[in-house]
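The values are calculated or read from the model by the stated rules, or taken from the named source; none is laboratory data. Predicted, not measured: the structure shown is a model, and the values here were computed from it. Here the Cβ positions follow ideal geometry from the backbone for every residue, glycine too, while neighbour counts run over all protein chains shown. These area figures cover heavy atoms from the full protein model, side chains too; ligands, DNA and RNA do not enter into them. Shrake-Rupley method; radii C 1.70, N 1.55, O 1.52, S 1.80 Å.
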Amino acid sequence: MTFIAEATATSTATPPAFFAKWADMGTWHEWNTDTEWARLDGTFEQGATGVIKPKGGPKTKFVVTKLTDTEFIDSSKLIGARLIFAHRVIAIDGVTTVTVRITMEGPLRGLWTKIMGKDLAKSLQGDVDALVAAAEAVLV
């Protein structure tokens with residue numbers, strides 16, 4: 001597995017507010033600068049599938065590989081590799097910490113990391129910060 005990037009932010013929004021944003025994939029483009037559009041086929045649950053269209057890239061199928069009350073992991077199949085986004089939220093004393101980690105696995109992970117890793121890493125912190133703002137806006 002190849003590490004690409006990780007970003008963390010804190011928020012006054014609760015973990016369910018973040019899961020509501022992640023589940024509403026039709027609005028991902030509002031806070032994720034790399035996403036042109038995303039669609040979930042069915043309900044937001046482990047095993048669910050969908051399609052994401054990155055800006056400047058081809059439509060890509062993804063699967064929700066893990067979904068708990070603190071973690072959401074999705075992976076997109078690429079030729080010879082799998083791009084993995086692990087989203088975690090932890091609330092302690094009214095402060096929620098949200099972390100998103102991007103990794104790549106598979107025999108062609110090195111090639112795909114060279115192709116897209118730098119851009120993913122560059123935009124990740126801004127996207128997590130925008131996610132926090134979107135989750136907190138629900139509180140208003």
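Does region 35-56 contain at least one residue that is within 19 Å of Leu131 (Cα to Cα) and in contact with a Pro (Cβ under 7 Å, 6 or more places away or on another chain)? Looking through region 35-56, at least one residue is within 19 Å of Leu131 (Cα to Cα) and in contact with a Pro (Cβ under 7 Å, 6 or more places away or on another chain).
All conditions in (1) surrounded by 15 or more Cβ atoms within 10 Å (Cβ to Cβ); (2) under 13 Å from His87 (Cβ atoms) hold for Asp69, with the sole exception of (1). Take the conditions at pLDDT 95 or above, open to solvent by 30 Å² or more (accessible area, probe 1.4 Å), within 20 Å of Thr2 (Cα to Cα) and not in a loop (DSSP other than H, G, I, E, B) and apply them to Val100. Does it pass? No.
Among the residues of region 41-52, those that are touching a Lys or Arg at 6+ places or on another chain (Cβ under 8 Å) and open to solvent by less than 40 Å² (accessible area, probe 1.4 Å) comprise Gly50, Val51, Ile52. Among residues that are in contact (Cβ under 8 Å) with a residue 40 or more places away in the chain, under 28 Å from Thr10 (Cβ atoms), outside any helix (DSSP H, G or I) and open to solvent by 60 Å² or more (accessible area, probe 1.4 Å), Arg88 is not included.
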